[in-house]
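*Asks:* Sharing a structure here in structure tokens format.
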Amino acid sequence: MSQSFGSPSLGGTNETAETIKTKYESNENTNAFTDDDKQKLESIEVASDISSFTAAFNAAFTAAQPTQEEL
């Protein structure tokens, strides 16, 4: 669904959000934050969570192992 912005009779245009976005992003150095960028950030967060979990698991596993003296 496209929403038009402005009214031609009032000096506005019949542009949609999509056409405005396309025109804006056609300019150099707009640095648009894309879905791909968002997905990359989310994957970093997941990897961070996995690293934290792995470190905690390994620490707990190591602590649970008997020492040479206990064997």
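The values are calculated or read from the model by the stated rules, or taken from the named source; none is laboratory data. Source: prediction; values computed, not measured.
*Asks:* Output the residues belonging to the stretch 16-39 that are among the hydrophobic types (A, V, I, L, M, F, W, C) and under 21 Å from the mean Cα position of the chain (by Cα).
*Replies:* Ala32, Phe33
*Asks:* For the stretch 31-48, how many residues meet the condition of being modelled with pLDDT of 85 or more and closer than 17 Å to Glu18 by Cα?
*Replies:* Matching residues across the stretch 31-48 total 1.
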